[in-house]
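As structure tokens, the structure follows; a few thoughts come after it.
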Amino acid sequence: MIHVDLRGLLEEGDLTQNQALLAGDVLVVREAGKISVLGEVHAPQSFQVTEPVSVVEALALAGSTTPEADLRRAQIITPNGSVPVDLDALIMRGEMEYNVEMQQGDVLLVPPAAPETVLVVGAVENRGIIDIRKQEQRDVLRLLTVAGPTLMADLKSVQVFRKREILTLDVEAMLDGDLSENIALAPDDIVYVPEVNTVYLVGAVTRQGALPLTEDLSLLDVISTYGNFQVGNMKQVTVMRANDAGEAEFFTRNIGQLNRAIAPEDMPLQEGDVIFVPFRERGFDWEQVRSILWSAGSLWGLLEAF
């Protein structure tokens, strides 16, 4: 916590008090003789007091917390610093040691909870970023019920891209009552609903998204048509695929320069394959794949059939 002398700044022109503010900072001006409750409460306000007020009493006067409150990170700001207050422990579990007394000039600050976002792309009607905390869609089935799979969605092979792994889930079985694979979602997950008979292309290519899987379609067919040889690293083209056990497999091939007398490393493609062409001077980089999906898919759904 940084103390700022506003009187010195505003009345005396002391620019040393003109601190730079960063995203997420909160500027709190304490009021003499009053207690304030600010942030994620229904009725933020300051009220005059003549004696100490407990945290529970202060929250009641402010209409209690909102659903968006981060109860574990509340704090009381005093002249001597800040005191953490675990409102979750106090309100939900009755741990009264957090029901401390507030004095004149104290401020109870209840911050908003950080968003817990996932990205939904592919064969769904409503693509984009969803805050699973706010929408209470913390599992795959509830999320996809809202996202609305299209008629061409391959629900038997829904994939969740999580950190450095790919989880393949049978949502069709979930809809039939088998919830054994209905996993809880985590922030930053990418939920990808493939379309039947398609492969998907991302990275240093001239056209990103879904491609129809025709008979005998190979990696070389796709790269020769859509690969961006000016900026792409064609020596490390990677195919991401889920095997029969639902585990991620990665196949890297050296396509090279097609106009040279060097045979490129080809391979047949399968339904649901994701083909990634890294940019020059870079090899397969999982974070780069995720970044491309988030930046493009969050706008209008990168993995969309042409």
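Some values worked out for this structure:
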{"item": "Of all residues making up the range 106-126, the number that are surrounded by fewer than 17 Cβ atoms within 10 Å (Cβ to Cβ) and touching a Pro at 6+ places or on another chain (Cβ under 9 Å)", "result": "3"}
{"item": "Filter pass, M96 being at pLDDT 90 or above and surrounded by 15 or more Cβ atoms within 10 Å (Cβ to Cβ)", "result": "no"}
{"item": "Those strands (runs of 3 or more DSSP E) lying entirely in the range 106-145 with at least 1 residues farther than 30 Å from E51 by Cα and under 17 Å from the mean Cα position of the chain (by Cα)", "result": "117-122, 128-131"}
{"item": "Answer residue from the range 157-171, given it is over 18 Å from the mean Cα position of the chain (by Cα) and surrounded by fewer than 20 Cβ atoms within 10 Å (Cβ to Cβ) and is nearest to T198 (Cα to Cα) among those", "result": "S157"}
{"item": "Residues within the range 120-142 that are closer than 18 Å to D176 by Cβ, touching a strand residue (DSSP E or B) at 6+ places or on another chain (Cβ under 8 Å) and aliphatic (A, V, I, L, M), tallied", "result": "1"}
{"item": "Residue in the range 218-247 that is modelled with the highest pLDDT, counting only those that are surrounded by fewer than 17 Cβ atoms within 10 Å (Cβ to Cβ) and of a type in the set (A, V, I, L, M, F, W, C)", "result": "V231"}
{"item": "Neighbours by Cβ (under 6 Å, 6+ apart or cross-chain): first from the range 110-132, in the same structural domain as V193 (by TED's automatic domain parsing) and farther than 25 Å from A69 by Cβ; second aromatic (F, W, Y) and in a strand (DSSP E or B)", "result": "V121/Y192; G122/Y192"}
{"item": "Qualifying position, being touching a Lys or Arg at 6+ places or on another chain (Cβ under 7 Å) and more than 30 Å from V29 (Cβ to Cβ), among D139, D176, D170", "result": "D170"}
{"item": "Matching entry among D154, D176 (being more than 16 Å from the chain's Cα centre (by Cα) and either without any contact (Cβ under 8 Å) to a residue 12 or more places away in the chain or not assigned by TED's automatic domain parsing to the domain that holds K235 (or both))", "result": "D176"}
{"item": "For T150: the one exception among (1) more than 26 Å from S224 (Cα to Cα); (2) in contact with a Ser or Thr (Cβ under 9 Å, 6 or more places away or on another chain); (3) not aromatic (F, W, Y)", "result": "(2)"}
{"item": "Every pair of residues 6+ apart whose Cβ atoms lie under 6 Å, when the first sits in the range 216-240 and is under 17 Å from V274 (Cβ atoms) while the second is of a type in the set (F, W, Y)", "result": "Q236/F284; T238/F250; T238/F276; T238/F284; V239/F251; M240/F250"}
{"item": "Unique match (being modelled with pLDDT of 90 or more, surrounded by 13 or more Cβ atoms within 10 Å (Cβ to Cβ) and either outside the structural domain of A186 (by TED's automatic domain parsing) or assigned to a helix (DSSP H, G or I) (or both)) among E51, E57", "result": "E57"}
{"item": "Residue, nearest to P194 (Cα to Cα), within the range 136-156, restricted to residues that are β-branched (V, I, T) and out of contact with any Leu (no Cβ under 7 Å at 6 or more places or on another chain)", "result": "T150"}
{"item": "Qualifying positions in the range 184-222 - assigned to a loop (DSSP other than H, G, I, E, B) and closer than 23 Å to V146 by Cβ", "result": "L185, A186, P187, D188, D189, P194, V196"}
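The values are calculated or read from the model by the stated rules, or taken from the named source; none is laboratory data. The structure presented is a predicted model; accordingly, all values stated were derived computationally and were not measured. All Cβ positions, glycine included, derive from the backbone under ideal geometry; neighbour counts span all protein chains shown.
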